[in-house]
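To start, the structure under review is shown below, and the notes come after it.
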Amino acid sequence: MNDVEEAVADAHRREWAFVLAATARVTGDLDLAEECVQDAYIAALDAWARDGVPRKPGAWLTQTAKRKALDLLRRDKVFRAKMPLLVEPDADMNVTTDETDEIPDDRLRLIFTCCHPALAREAQVALTLRLVCGVATPDISRAFLVSEPTMAARLTRAKKKIAAARIPYRVPAAADLPERLDAVLSVIHLLYTTGHTAPSGADLVRADLVERAVALARMLLALMPDEPEVRGLLALLLLTDARRAARTDARGRLVVLEDQDRSLWDRAAVAEGRDLAVAAFRTGRVGRYAVQAAIASLHAVAPSTEATDWRQVVGLYDVLLRIWPSPVVALNRAVAVAMVDGPEKALEEVDLLATDDRLAGYHYLPAVRADLLRRLSRFGQAADAYRAAVALADNDAEREFLEIRLAEVVDSAEGRSSGG
Amino acid sequence: MPQYAVIIHSPAPADPMDLTPDYLALLEGYGQKVAELGGTIVTGFGLQPSTTATSIRGDVVTDGPFTEAKEVVAGFFILEAPDLDVALAVAKANPACIDGGVEVRPLFTPPAE
């Protein structure tokens, strides 16, 4: 890659959302904005090679994309007849083509529009990757293991709905903000977990998803510095991602927390994540992401599983259950309970959770049960539970891990019956 | 201003003569609420119970609504609202949401020549 290509790629990474968000105001149509921004990046390759890289690449790209949009709108009456995206009237509504450096930052509008609750979650995720992150459609389809035409159709449908149903291009009012922000955070978190629990076969694409999610959380925090849950989410992602190098062994197999080589954890990410979590707690308005970050940070600072402050982990899970009463949280709490009160006590709680329909088909439930039974030396029952977990697991690395454990407990069960 | 069809779905057979006094009271105050939320009801209709419906597909005439479902269309109204957020707020406030649900669909306007 030469210097210009590098500068364009860099501007793509850093400025895409800004440029698209600003262009969407002029076009009143996300599809058209996307096309113009794409063209602007292509034009940059030639122009920057000829005239040098501009001082403010983002401003250059925005002006170029806006000009293309206005040209198209002038030429094509159909575009002009399109209903405009609904933008809250404000002082900077007067769109001009001046070569001014003052371009209003519309990235929040773009993010909230892509994550509007009237769109299906999968559409929100796809739109966010395409429009906010600038990821190409084939890459998105590969990351979500669907065909390219399927993903393209999903994106088109979502953009059509935004235009036809008149989903407004604005940051929600204060009264709606908590709920709407939660949708945005869920999308970012889903992007992260999709990349994080990837089957090893597709790990290259998936590692990119993890980085996109972290970058999105950073962008959102820069735009909404007073929202503790945004801080909490970034903290959670950094603290979880800090363990990435230790999560799989050289052969791509899953390594569970207690067996991980903690010297491989990214200390800088841990430190940043901890600081963010502490700052989120300091506001006194903690939500589920901040609490999960706090739990992750207790793990991150412990030298070993045994030396982890499990009592505090259980306490934080109690807090988490109060703000987010989910059986999945209760299951994770049970794992911590096993470390404080022993596997017997934890097994009672897990068996109680097994009656919750919401956990039916959730492979972590039999996996946790199996582990507790194994620790209680009830190998026969543990083997049954591992088999149930293997049947439900959909991730190769996880399934392989469960199969190894299954083989171990089967050996132990046979060893015991034949030996004594 | 954009217009939306707000389609009311209620438990079958959705007989308007069986509406409870509580429901009717909520309906009474609905128009006021719609205005407060920034919408205007252009026109609206309630339907006779779904037991009075007749469906036709191809040339086959069938007694009853199109699909057998727990909920049936009970009525609809045309709402004028500045954007989907307002339309959804209006729809959410409809008493039908308590034991049924509402669907919000933008009206189609043919593209200008």
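Every number in this text was worked out from the coordinates using simple rules, so none of it is lab data. Bear in mind the structure is a predicted one, so any value in this text is a computation, not a measurement. Ideal geometry is used to build each Cβ from the backbone, glycine not excepted, and the neighbour counts take in all protein chains shown.
Data for the structure
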read-out: Chain A, relative contact order in percent, only Cα pairs under 8 angstrom and at least six apart counted; value: 10
read-out: Kirkwood-Stokes translational diffusion coefficient of the stretch A:302-358, alpha-carbon pairs, 4 °C, 1.567 mPa s, µm²/s; value: 111
read-out: Convex hull of the stretch A:361-420 built on C-alpha atoms - directionally averaged projected area, nm²; value: 3.5
read-out: Cα radius of gyration and Dmax for chain A (Å); value: 24.7, 88
read-out: Over the stretch A:117-274, relative contact order from alpha-carbon pairs under 8 Å, at least 6 apart, %; value: 16
read-out: Stretchable slack from A:Arg218 to A:Asp71, in nm (0.36 nm times residue separation minus alpha-carbon distance); value: 49.5 nm
read-out: Rg and Dmax [Cα atoms of the stretch B:3-106; Å; Rg one decimal, Dmax integer]; value: 14.6, 46
read-out: Environment charge at A:Gly134 (Cβ cut-off 14 Å; Lys +1, Arg +1, Asp -1, Glu -1); value: -3
read-out: 26 Å Cα-Cα threshold exceeded, pairs from A:Lys56/A:Lys159; A:Lys160/B:Lys33; A:Lys56/A:Lys161; A:Lys161/B:Lys70; A:Lys66/A:Lys160; value: A:Lys56/A:Lys159; A:Lys160/B:Lys33; A:Lys56/A:Lys161; A:Lys161/B:Lys70
read-out: Neighbouring partner chain Cβ atoms per residue of B:101-111, average, 10 Å criterion; value: 2
read-out: CD proxy at 222 nm, helix term only [per DSSP H run n ≥ 4: -39500 (n - 2.57); per residue of the protein assembly as shown; nearest 500]; value: -19000 deg cm²/dmol
read-out: Leading residue at positive end of dipole, the protein assembly as shown (Cβ point charges), from A:Ala370, A:Leu20, A:Ala173; value: A:Leu20
